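Engineer: Here it is: the structure, laid out below.
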Amino acid sequence: MKKPFWARWLARRIDSALCLLTSFITGVRPKAAQQLDFPSRQTVYYANHNSHGDFVLVWVSLPKQWRMNTRPVAGADYWLGGRIRCFIIEDVFNGLLVDRGGHQNPQQIIDAMSAALQQGESLIIFPEGTRNTRDDTAMLPFKSGLYHLARANPHTAFVPVWLNNINRVLPKGHYLPVPLLCQVNIGQALYWQEHEDKAAFLQRSQQALLALAPHPVNMATAVAETETETAEGEQI
């Protein structure tokens with residue numbers, strides 16, 4: 001159902017204000033379209049996850065015309081926890097909400113994301129599944145949902161996006177941002193390769209993301225953690 005004019009007008013104004021505020025606080029600016037060598041539509045941006053502000057940082061870094069077709073995949077348990085949050089995620093960002101509590105069939109989540117891609121939309125996802133609050137770990141193991149989404153959409157570009165410092169701007173449990181320069185590194189697109197199994201794809205996608213980190217990361221440890229996680233279960 002089409003939203004009323006006032007809701008669409010307000011959503012556009014909030015979007016502009018949030019983007020300006022985010023750029024002012026973090027120093028992150030939109031990339032020019034000619035700087036990006038992957039499709040403007042039907043692309044999956046996958047990033048490391050440290051804060052509720054992560055998807056906003058990815059959103060702001062994209063060219064404005066690309067953002068209009070990009071939807072963050074977010075947890076319904078958090079974003080439906082109040083009218084303001086609900087309006088922001090549904091009307092401002094057109095988020096695709098999923099149930100992280102285990103009540104929704106994982107295949108239904110993959111199907112919903114695939115349907116959005118087939119309609120020409122792009123997605124922002126966080127394959128770690130939850131925020132990484134550990135200081136001694138660069139990134140948590142990827143959940144297997146990234147693999148299942150890629151296998152269901154073999155012609156879709158999966159673009160790694162490394163976010164640096166956003167956890168210090170909006171730490172867990174805080175609501176007011178702290179002005180601090182952040183960094184958004186966007187990598188080369190990768191695609192699921194025919195006959196590529198889950199462990200191989202998750203290892204390759206995680207390595208592509210870790211390679212964008214501003215400081216050296218122990219690749220061997222990260223890959224070993226990923227293999228352990230994927231052997232334990234089929235979580236999204």
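Taken together, the values in this text are just the output of simple stated rules run on the coordinates, not laboratory data. A quick note: this is a predicted structure, and the numbers were derived from the prediction, not measured. A quick note on method: Cβ atoms are made from the backbone with ideal geometry, for glycine too, and the neighbour counts reach across all protein chains shown.
Engineer: Quick one: which of 115-121, 31-37 comes out on top by average Cβ neighbours within 10 Å, and what's the full order, highest first?
Structural biologist: Those peptides, ordered most packed to least, come out 115-121, 31-37.
Engineer: Express the Stokes-Einstein translational diffusion coefficient of the chain in µm² s⁻¹, to the nearest whole number, given a Kirkwood radius over alpha-carbon pairs, 25 °C and a viscosity of 0.890 mPa s. Could the numbers behind the result be given before it?
Structural biologist: Working: Rh = 18.2 Å.
Rounded, D is 135 µm²/s.
Engineer: Counting only C-alpha contacts under 8 Å and six or more residues apart, can you give the relative contact order of the chain as a whole percent? Can you show the working numbers first?
Structural biologist: Working: 365 pairs, mean separation 60.6, N = 236.
Relative contact order comes out at 26 percent.
Engineer: Provide the FRET efficiency to the nearest 0.05 for the residue 152-residue 84 pair, computing r from the beta carbons and using R0 = 30 Å. Mind showing how you got there, number by number?
Structural biologist: Details: r = 34 Å, r/R0 = 1.13.
Calculated transfer efficiency: 0.35.
Engineer: Here's something else I'd like to know. Please compute the contact order of segment 1-135 in relative form: average sequence separation of alpha-carbon pairs under 8 Å and at least six residues apart, divided by the residue count, as a percent. Please report the intermediate quantities before stating the final value.
Structural biologist: Values: 142 pairs, mean separation 47.8, N = 135.
The normalised contact order for segment 1-135 reaches 35 percent.
Engineer: Still on this structure, I have one more. Can you tell me what share of the DSSP beta bridges in the chain is antiparallel? A percent to the nearest 5 is fine. It would help to have the intermediate numbers written out before the result.
Structural biologist: Numbers: 5 of 19 bridges.
Bridges in the chain that DSSP calls antiparallel: roughly 25 percent.
Engineer: Still on this model: Let me know the number of lysine pairs in the chain closer than 24 Å at the Cα, not counting same-chain pairs under 8 apart. Can you show the working numbers first?
Structural biologist: Numbers: 2/64; 3/64; 31/64; 143/172; 143/198.
Count of close lysine pairs: 5.
Engineer: When the chain is treated as a GNM, springs tying every alpha-carbon pair under 10 Å, which of 25, 109, 186 comes out with the largest mean-square fluctuation?
Structural biologist: Comparing 25, 109, 186 in the GNM, the peak value goes to 25.
Engineer: Using θ = phi - 60° and the Karplus form 6.51 cos²θ - 1.76 cosθ + 1.60, what ³J(HN,Hα) does each residue of segment 42-47 get, whole Hz, x for Gly and Pro?
Structural biologist: Calculated HN-Hα couplings, in order: 6, 10, 10, 8, 10, 9 Hz.
Engineer: Using a 10 Å Cβ count of at most 16 others and DSSP loop calls, identify the longest part of the chain lacking such chymotrypsin sites (Phe, Trp or Tyr not before Pro). Before the final figure, lay out the partial values.
Structural biologist: On the way: sites that count: 175, 191.
After excluding every exposed loop site, the longest remaining stretch is 1-174.
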